[in-house]
Amino acid sequence: MTEKNNIYIEDVVDVKELQTLQDNWAKATDLAFVTVDCNGTPITKQSNFTPFCKRLRELDAFREKCYYCDACGGRKARRIGKAYVYICHAGLIDFAIPIMIKGQYVGAFLAGQVTSTDFADLKKITTQSEDWKDNQELVELYNQVKEVSVEKIQAVAQIICDSYNYSVEREYANKVDAELREKDYKLMKEEKLRIEMEKSLRDIELKALHYQINPHFLFNVLNTIGRLAFFENAKMTEDVVYAFADMIGEAEKLSEEKMEILRAAALVHDIGIRVAEEKYGSCSGKLQEKEGPAIAEKMLDEVGYPVDAIRRICYLVGHHHTYTNIDGLDYRILVEADFLVNLFENESSRHAMRNADQKVFETETGKRILHEMFALNDGAEG
């Protein structure tokens, strides 16, 4: 019968160290040793096996019987909870020591491969094999097996039982302790990352709040727009649109990937103005949308922007004066940032501002800036 375990001995102990311990016990006791898993399958190399048992396990007719004895011996030892001395199918004396971890049987230490004259009280672990006696080679090898008293075998079995299980339990405890330390370390790293992320979010929120309530900021923005409109005939205010777009994007928690696209689009959104004027004598919004994307695409490609990013940026450039079917937060924020500048440049009426508030602005941050810039909450009209 195959055992179903959720703890496996190979995962708990270092097999190389187990092999060394097993080899040392074999030298000290002059007995044969092997360690098997809960199903009787060896996980270590044979230590001090007798030539008889080595040869028996090499032959197809007897190998499975040997493995079956190993499995049965281990399970019997598990049931009684201590070392179990028994007679194997070939008539040799063996003993099994159960390996228990947290109350679960994970394997057994098997030792012995000796004969004795006083084993009348020992139980046979399975039906005895007699056909090996027809093999002259095996008979000769059997006759070379040393004789040991059952009393000595039982004493050795008890000593090794105490030693082996202590070693395994200690190694398991060390392994669990190491895993717990590793988990603690990972949790500490995760906690540190969480704290850093929360700090970054707080910084962004504080920055956004600062923008919202600092009158000097709005005063400086309005002055900047005014100077640009005066010196540049209202054609080069991209940096102010960029500032508004950046502010709104961070406050609205736009993803970093979308923020990069938004920032680039804010810088090049009016790039079609000059070409439109040269070709049509006008730089209306629709003509900007028509001429801008091709120029932006060429420039962005030359500086190495990813293709997908270029595609989205050019789409925004080609639609930044289109206020219907807005298909993304980056698009929405660019429109709002551009509108904030245009409303001031054009000295728009309060009616136009309120109309924009109702029909164009949707983000909480954009609306707040609009209301604070133009004092839309004071009830005045103009």
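Within the range 94-117, take every residue that is surrounded by fewer than 24 Cβ atoms within 10 Å (Cβ to Cβ) and farther than 21 Å from C53 by Cα and give me the one that is modelled with the highest pLDDT. I'd like the intermediate steps shown before the answer.
So in the range 94-117, the residues surrounded by fewer than 24 Cβ atoms within 10 Å (Cβ to Cβ) come out as 100-105, 114-117.
Filter again for farther than 21 Å from C53 by Cα, leaving 100-105.
Details: M100: 78, I101: 73, K102: 72, G103: 73, Q104: 78, Y105: 81.
Within the range 94-117, the match that is modelled with the highest pLDDT is Y105.
Quick one: would you say A265 is surrounded by 14 or more Cβ atoms within 10 Å (Cβ to Cβ), under 25 Å from L343 (Cβ atoms), in the same structural domain as F361 (by TED's automatic domain parsing) and not acidic (D, E)? Yes, satisfied.
Residues in the range 101-134 that are farther than 11 Å from A90 by Cβ, assigned to a loop (DSSP other than H, G, I, E, B) and in contact (Cβ under 8 Å) with a residue 60 or more places away in the chain: 1 in all.
Inspection of the range 40-58 identifies at least one residue that is out of contact with any helix residue (DSSP H, G or I) (no Cβ under 6 Å at 6 or more places or on another chain), assigned to a loop (DSSP other than H, G, I, E, B) and crowded, with 20+ Cβ neighbours inside 10 Å.
Tell me, please, whether a residue that is in a strand (DSSP E or B) and crowded, with 21+ Cβ neighbours inside 10 Å can be found in the range 78-85. For the range 78-85, residues in a strand (DSSP E or B) and crowded, with 21+ Cβ neighbours inside 10 Å: present. Scanning the range 4-22 turns up one or more residues that are at pLDDT below 90, polar (S, T, N, Q) and either closer than 17 Å to V148 by Cβ or in a loop (DSSP other than H, G, I, E, B) (or both).
Test of understanding: among E260, E252, E336, E302, which residue is of a type outside the set (S, T, Y) and over 20 Å from G366 (Cβ atoms)?
Details: E260 fails: over 20 Å from G366 (Cβ atoms); E252 fails: over 20 Å from G366 (Cβ atoms); E336 fails: over 20 Å from G366 (Cβ atoms).
Exactly one residue qualifies, and that residue is E302.
Does N325 satisfy being out of contact with any helix residue (DSSP H, G or I) (no Cβ under 9 Å at 6 or more places or on another chain), assigned to a helix (DSSP H, G or I) and not basic (K, R)? No, not satisfied.
Listed conditions (1) surrounded by fewer than 22 Cβ atoms within 10 Å (Cβ to Cβ); (2) without any contact (Cβ under 8 Å) to a residue 40 or more places away in the chain; (3) of a type outside the set (V, I, T) are all met by C88, apart from (1). The residue of the range 18-40 that is farthest from D94 (Cα to Cα), among those that are of a type in the set (D, E) and touching a Lys or Arg at 6+ places or on another chain (Cβ under 9 Å), is D23.
The values are calculated or read from the model by the stated rules, or taken from the named source; none is laboratory data. Remember, it's a predicted structure, so these values are computed and weren't measured experimentally. Don't worry about glycine lacking a Cβ; one is built from the backbone with ideal geometry, like all the others, and counts go over all protein chains shown.
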